[in-house]
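The values are calculated or read from the model by the stated rules, or taken from the named source; none is laboratory data. The structure displayed is predicted, hence computed values, not measured ones. Note that each Cβ is placed from the backbone with ideal geometry, even for glycine, and that neighbours are counted across all protein chains shown. Ligands, DNA and RNA are stripped out before the accessible areas are found, and what is left, the full protein with its side chains, is counted by its heavy atoms. Shrake-Rupley method; radii C 1.70, N 1.55, O 1.52, S 1.80 Å.
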Amino acid sequence: MASAFEYAPAPESRSVVDIAPSYGLFIDGEFTDAADGKVFKTVSPASEEVLAEIAQAGAADVDRAVKAARKAFEKWSALPGSERAKYLFRIARIIQERSRELAVLETLDNGKPIRETRDADLPLVAAHFFYYAGWADKLDHAGYGANPRPLGVAGQVIPWNFPLMMLAWKIAPALATGNTVVLKPAQTTPLSALFFADICRQAGLPKGVVNILTGYGDAGAALVEHPDVNKVAFTGSTAVGKAIARQVAGTSKKVTLELGGKGANIVFDDAPIDQAVEGIVSGIFFNQGQVCCAGSRLLVQESIHDELIDSLKRRLTTLRLGDPLDKNTDIGAINSAEQLARITALADTGEAEGAERWSAPCELPNAGYWFAPTLFTNVSQSHTVARDEIFGPVLSVLTFRTPDEAVAKANNSQYGLSAGIWTEKGSRILAVANKLRAGVVWANTFNKFDPTSPFGGYKESGFGREGGRHGLEGYLDV
Ligand code: TAP
């Protein structure tokens, strides 16, 4: 692996994005200070440079934003679907027009490689708005009977791993169905949501339809708790998801939860090895493994274990870790010091419990938060690295002999979000996929997304589906 900054970088220019020194909350169409004047700083995880000072919402701001969303709901929900669609199409087009700026911004605030924000995040964000814009005037034909109704005010809480994409997954279906929104981005990645607020203004979206509350977990909790919120949509850790489920129990609030995962990527002995290696790499090292549906458990058929692992290690030594704004970078920074500490602790546990650790040889930059791509072999099902979500660039390798054993091991998890199958046999793909308790099963590929496909989990990975026609249901009174 090339060391971080040893080659002449060709970075995407920072100058394409103009970051102000400070940002307010976005309530009722205006940027405003928090009621108690509190602020926090957002930093670039690749350099620890402070990017901007951000208003920190408290309970009073949550109340203000929910009131604005409630007021806007009356008119917004009464608009014909075709009118709501026009706003969503306009937002989608502005996202496309400003995608270079947004990609650089997201890379700066999150730490992920520009190649990913440019080629994956931003196109998917725009596609999501285009897709749900198309549904806005066709809700009567969505299979929920005539005249399905919006729920009201949606309180949405999102994580830091795909800040704009998670925003799109939440806001696009909510607006298409006639709801209004109060969204809280993660504390470490507030910037792209604030730029999105500016896009709402540019699109002429009526005031109060979208409100953005930057802040910490307490603001998220206050939003979930607010009595005038009708729908709670959350993506994040299983621990917080469980707390939210308890908070809304016994209320009339509708909830969708998209939580953690420990996806199994199953490679059979007839799989094309080179193709499988590429799929394994994108399955666990895309976005530094900070992906809820990451293929973080590799289940490999015993007879090809050594060949596959040798080939995987060779491939990992070619990955470039470093400046996320460099278009040649494959592995960017970990999102925060806290996340790096979690990954480090879990990886150390793997070693302490007896799994064999191998890391791609690379020099980590002095500033910022970095973790080298890491493999654990000789992993057994009881090992922590085979059970807990690491949410980092760490792959645990287990073996199996028969398809039934592969299915049993894949399903032996508290989670059930994603899985992958690599084999030449179509019949085996169908047979195995039908037995896997995973919301998404990819065959001979991994981490492919499309706004038309529903996404969501079984077991402790949450409930409800986002994306596709199914994604409308969470925002409608059906
Ligand atoms: P969470 O703590 O779950 O954060 C997700 C979002 O919820 C953030 O906006 C967070 O705000 C907010 N939040 C925190 N406590 C809350 C509460 N009591 N009520 C309502 N909202 C609350 O996740 P994290 O700390 O960023 O990451 C921890 C672990 O979660 C990771 O290691 C990973 O395993 C998992 N994770 C999973 C996913 C997906 S996509 N499934 C995404 C991110 C993380 P703050 O940012 O201010 O804390």
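Worth a mention:
- Residue, nearest to Val229 (Cα to Cα), within segment 448-471, restricted to residues that are touching a Phe, Trp or Tyr at 6+ places or on another chain (Cβ under 6 Å) and open to solvent by less than 60 Å² (accessible area, probe 1.4 Å): Glu466
- Cβ-Cβ under 7 Å pairs, at least 6 apart or on other chains, segment 208-237 side free of Cβ contacts under 8 Å to residues at least 40 places away in the same chain, far side more than 7 Å from the ligand (Cβ to nearest atom): Glu225/Gln247
- Against the numbered list (1) open to solvent by less than 60 Å² (accessible area, probe 1.4 Å); (2) touching a Leu at 6+ places or on another chain (Cβ under 8 Å), Leu346 comes up short only at (2).
- Test for Asp119: is it at pLDDT 95 or above, surrounded by fewer than 24 Cβ atoms within 10 Å (Cβ to Cβ) and either assigned to a loop (DSSP other than H, G, I, E, B) or touching a Pro at 6+ places or on another chain (Cβ under 7 Å) (or both): no
- Residue count, segment 183-222 (criterion: among the charged types (D, E, K, R), in contact with a Leu (Cβ under 8 Å, 6 or more places away or on another chain) and more than 15 Å from the ligand (Cβ to nearest atom)): 0
- Between Val181, Val157, the distinction of being under 20 Å from Ser336 (Cα atoms) and aliphatic (A, V, I, L, M) belongs to Val157 only.
- Exclusive hit being in a loop (DSSP other than H, G, I, E, B) and touching a helix residue (DSSP H, G or I) at 6+ places or on another chain (Cβ under 8 Å), set Ala333, Ala367, Ala372: Ala333
- Top-ranked residue of segment 244-273 - restricted to ones that are assigned to a helix (DSSP H, G or I) and open to solvent by less than 40 Å² (accessible area, probe 1.4 Å), ranked as nearest to the ligand (Cβ to nearest atom): Ile244
- Residue within segment 161-169 that is more than 10 Å from the ligand (Cβ to nearest atom), modelled with pLDDT of 95 or more and among the polar types (S, T, N, Q) present: no
- The condition (being among the aliphatic types (A, V, I, L, M) and within 25 Å of Val281 (Cα to Cα)) is satisfied by just one residue among Leu436, Leu472, Leu476: Leu436.
- Remark: Glu307 falls outside the filter, which requires a residue to be within 14 Å of the ligand (Cβ to nearest atom), open to solvent by 10 Å² or more (accessible area, probe 1.4 Å) and of a type in the set (D, E, K, R).
- Only one entry in Arg314, Arg297 is modelled with pLDDT of 95 or more, surrounded by fewer than 24 Cβ atoms within 10 Å (Cβ to Cβ) and basic (Lys, Arg), namely Arg314.
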